[in-house]
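The values are calculated or read from the model by the stated rules, or taken from the named source; none is laboratory data. A quick note: this is a predicted structure, and the numbers were derived from the prediction, not measured. Cβ: placed from backbone, ideal geometry, glycine included. Neighbour counts: every protein chain shown.
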Amino acid sequence: MLVNLHVKNLALIEEENIDFEEGLNILSGETGAGKSIILGSINAALGSKTSPDFIRSGCEYGLSEITFAIPEDKVERIKELGVISCEDGELVISRKIMANRSQIKVNGQSFTSAQTRLLAHELIDIHGQHDNQLLMDESNHLSVIDEYDDTVRPLLDEYKQFYREYTKCKKEYESLSGDGESRIKEMAFLQYEINELESAALKPGEDEQVETDYRRMSNFQKIAGNLSEVSMLLSEGDSNLSDMAGSALKNMIAASEYDESLSENCDILSDIENLISDVAHNLSAYMEDFTFDQSEFNALEERLDLINSLKMKYGNSIENILSALEEKKQKLSEYENYDEVVAKRKAEYDLAFKQLMKSAGKLGTHRRKTALQFAEDIKNALRQLNFLDVRFEACFSEKEPDQAGTDDVRFMISTNPGEDMKPLAKIASGGELSRIMLAIKSVMAETDVSKTLIFDEIDAGISGKTAQLVAEKLNALSNTHQIICITHLPQIAAMADNHYVIEKSTKDNRTISNITRLSYDESVGELARMLGGSSITEAVVSNAKELKNMAQAAKHN
């Protein structure tokens, strides 16, 4: 459940904090008051694309923060999506929008927009005009059927496993195609590459060692000069560190005979003298072996050039080059035993296709059974929304296998007696489409009662009795879901369990939007404005009160 929305510096909103409740939450207000900003702020927090233009003019950033109460049975799913801490059942998603970037945090963790959208899918379902357009696209109809019934998902997952195996076998089988002449050319080229790689006799990690040795020999003069200077300072000449440390130790020992507190310094100086001696010894041994051999250097340079050349051709590491060698040997072996390999790959491909189509058949049969029940539920929901003689079907056709199966689905509908069934995409009336979408949303919502449902523009193109039926449908949904609805219709607003009004005002010569939760009397006043427009008479107020009382009485019957 969405329990709070905090918005700061977005569009016309300076700063607002809205607490939502269970049941039917209604947002109303005059056109242009800022209702769309509320929906935009929620969408922004949930990872939708946004623009710096959304930031309130003159402000450095905008903020949208939403808080959800998560039911216990959904906590594990939320954790699976990357939220580390959700033990107290509270989930806070905040998005800070700045001129050049935005930042999303979920319970204090940084999240990407893509991660947040996946999370949002588990929490909330937002319906606006965009959803109507999605419904008009028949490529989305199959996913509606799949989401309607949870028992489809295991069969679809099983099918996808077979599809991955099928595409792999198909690719491997088709890769063997080609005429004999092209295979001979390919075999000759493969043999050339194999010879080149085998003659190089590369060893894992060899490139790092060769590069180290080459760097050392390339800088022989610099290293020799620096080490000679170090040797001079450590143990040669009249003022070397070794003699100085020995002299310092001798004098410190003499002084400590008169003050025992100095004895610790004797130990430190003794360690220093030993360390200098060790470094001098190690350096002497290193310099004895440190020689420059021009032929060895030339061999290193050639080896390094060879390794880098092979990296450019076959991979950016010796491990990748060796893997490429094995792959080429395997490919050559396949060409050398072409007929056997073709027969083997063909058998694997045929088996994968057979298993795929068997799985597709099971999936399709289950989908068709599911679609029959879905269609019945949709028809019932549509009748409740004043489609008195409606027919609705999910019509299936076959297609070539893809990741979703071999089924194509098209929703067909007839909304008036005597009319032929037509594709849903040909429904022209915005009011009809909004009601159909509400019917689908209400049917789909039964599969996940923990989701919050948000409706915007659900009242487009409707009035009168139809508006009342839509109000009743939203009220029925609110018995099992938290509903947030932006509306212009008094019939819908009257059903509110919690009524909010969005108004514009002026502050410091700037326009701002304010959101206020209404009391009963204030709600009646807002209904009167919706009924009467600019002329609010006593009769309009009386009608508003009657509408409110009738709606509230109906809610409790």
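Which of the following residues is within 27 Å of S523 (Cα to Cα) and either among the aliphatic types (A, V, I, L, M) or touching a residue at least 24 places away in the same chain (Cβ under 8 Å) (or both): M1, M98?
M1
Here is a check on your reading of the model: is I194 of a type in the set (V, I, T), modelled with pLDDT of 90 or more and surrounded by 11 or more Cβ atoms within 10 Å (Cβ to Cβ)?
So I194 fits the description; yes.
Assuming K329 fulfils every condition listed in (1) within 30 Å of V443 (Cβ to Cβ); (2) surrounded by fewer than 18 Cβ atoms within 10 Å (Cβ to Cβ) apart from one, which condition is it?
Status for K329: all satisfied but (1).
Would you please name the residue that is modelled with the lowest pLDDT, looking only at residues in region 532-551 that are surrounded by 17 or more Cβ atoms within 10 Å (Cβ to Cβ) and under 14 Å from A471 (Cβ atoms)?
Among residues in region 532-551 that are surrounded by 17 or more Cβ atoms within 10 Å (Cβ to Cβ) and under 14 Å from A471 (Cβ atoms), the one modelled with the lowest pLDDT is A551.
In this structure, does I37 turn out to be of a type in the set (V, I, T), modelled with pLDDT of 90 or more and assigned to a helix (DSSP H, G or I)?
When the stated conditions are applied, I37 does not pass them.
So, V230, is that one more than 30 Å from L306 (Cα to Cα), of a type outside the set (K, R) and either outside any loop (DSSP other than H, G, I, E, B) or over 60 Å from the mean Cα position of the chain (by Cα) (or both) or not?
In short, yes.
Is at least one residue of region 482-504 β-branched (V, I, T) and either surrounded by fewer than 21 Cβ atoms within 10 Å (Cβ to Cβ) or without any contact (Cβ under 8 Å) to a residue 24 or more places away in the chain (or both)?
No: region 482-504 contains no residue that is β-branched (V, I, T) and either surrounded by fewer than 21 Cβ atoms within 10 Å (Cβ to Cβ) or without any contact (Cβ under 8 Å) to a residue 24 or more places away in the chain (or both).
Within region 464-485, is even one residue at pLDDT 90 or above, of a type in the set (V, I, T), touching a Phe, Trp or Tyr at 6+ places or on another chain (Cβ under 8 Å) and in a strand (DSSP E or B)?
yes
Can you say whether M437 is in a helix (DSSP H, G or I), touching a strand residue (DSSP E or B) at 6+ places or on another chain (Cβ under 8 Å) and either surrounded by fewer than 18 Cβ atoms within 10 Å (Cβ to Cβ) or touching a residue at least 12 places away in the same chain (Cβ under 8 Å) (or both), as far as the supplied structure shows?
Here the answer is yes, as M437 does meet what is asked.
Show the residue pairs that are 6+ apart or on different chains and have beta-carbon atoms under 9 Å apart, the first residue being within region 313-330 and within 15 Å of E206 (Cα to Cα) and without any contact (Cβ under 8 Å) to a residue 60 or more places away in the chain, the second being of a type in the set (A, V, I, L, M) and surrounded by 13 or more Cβ atoms within 10 Å (Cβ to Cβ).
What qualifies is G315/I321; G315/L322; G315/A324.
Give the residues of region 71-95 that are part of a loop (DSSP other than H, G, I, E, B) and touching a residue at least 60 places away in the same chain (Cβ under 8 Å), sorted by residue number.
P71
Run down N298, N320 and say which single residue is on the phi < 0 side of the Ramachandran plot, part of a helix (DSSP H, G or I) and over 33 Å from the mean Cα position of the chain (by Cα).
That would be N298, the only listed residue that is on the phi < 0 side of the Ramachandran plot, part of a helix (DSSP H, G or I) and over 33 Å from the mean Cα position of the chain (by Cα).
In region 381-397, what count of residues is obtained for those that are surrounded by 15 or more Cβ atoms within 10 Å (Cβ to Cβ) and part of a helix (DSSP H, G or I)?
The total comes to 2.
If you go through region 149-170 one residue at a time, do you hit one that is surrounded by 15 or more Cβ atoms within 10 Å (Cβ to Cβ), out of contact with any strand residue (DSSP E or B) (no Cβ under 6 Å at 6 or more places or on another chain) and without any contact (Cβ under 8 Å) to a residue 24 or more places away in the chain?
Among the residues of region 149-170, at least one is surrounded by 15 or more Cβ atoms within 10 Å (Cβ to Cβ), out of contact with any strand residue (DSSP E or B) (no Cβ under 6 Å at 6 or more places or on another chain) and without any contact (Cβ under 8 Å) to a residue 24 or more places away in the chain, which makes the answer yes.
Name the residues in region 440-463 that are closer than 18 Å to K35 by Cα, in contact with a strand residue (DSSP E or B) (Cβ under 9 Å, 6 or more places away or on another chain) and assigned to a loop (DSSP other than H, G, I, E, B), would you?
Those that are closer than 18 Å to K35 by Cα, in contact with a strand residue (DSSP E or B) (Cβ under 9 Å, 6 or more places away or on another chain) and assigned to a loop (DSSP other than H, G, I, E, B): E457, I458, D459.
Among the residues of region 342-361 satisfying the criterion of being among the small types (G, A, S) and crowded, with 19+ Cβ neighbours inside 10 Å, which is farthest from P423 (Cα to Cα)?
A352
Give the residues of region 362-378 that are surrounded by fewer than 18 Cβ atoms within 10 Å (Cβ to Cβ) and free of Cβ contacts under 8 Å to residues at least 24 places away in the same chain, sorted by residue number.
Hits for region 362-378 are T365, K369, L372, E376.
List the number of the failed condition for H556; all other conditions in (1) touching a strand residue (DSSP E or B) at 6+ places or on another chain (Cβ under 7 Å); (2) free of Cβ contacts under 8 Å to residues at least 24 places away in the same chain hold.
(1)
Looking at region 113-123, can you tell me whether even one residue there is touching a His at 6+ places or on another chain (Cβ under 9 Å) and touching a residue at least 40 places away in the same chain (Cβ under 8 Å)?
no
Q129 fails exactly one of the following numbered conditions: (1) out of contact with any His (no Cβ under 6 Å at 6 or more places or on another chain); (2) modelled with pLDDT of 90 or more. What is the number of that condition?
Against the list (1) out of contact with any His (no Cβ under 6 Å at 6 or more places or on another chain); (2) modelled with pLDDT of 90 or more, Q129 comes up short only on (2).
Given (1) farther than 22 Å from A439 by Cα; (2) touching a residue at least 24 places away in the same chain (Cβ under 8 Å); (3) in a loop (DSSP other than H, G, I, E, B), where does K548 come up short, assuming only one miss?
Result: K548 passes all but (3).
Name the residues in region 191-207 that are within 18 Å of G315 (Cβ to Cβ), touching a helix residue (DSSP H, G or I) at 6+ places or on another chain (Cβ under 9 Å) and part of a helix (DSSP H, G or I), would you?
E193, I194, E196, L197, E198, A200, E206, D207, listed by residue number.
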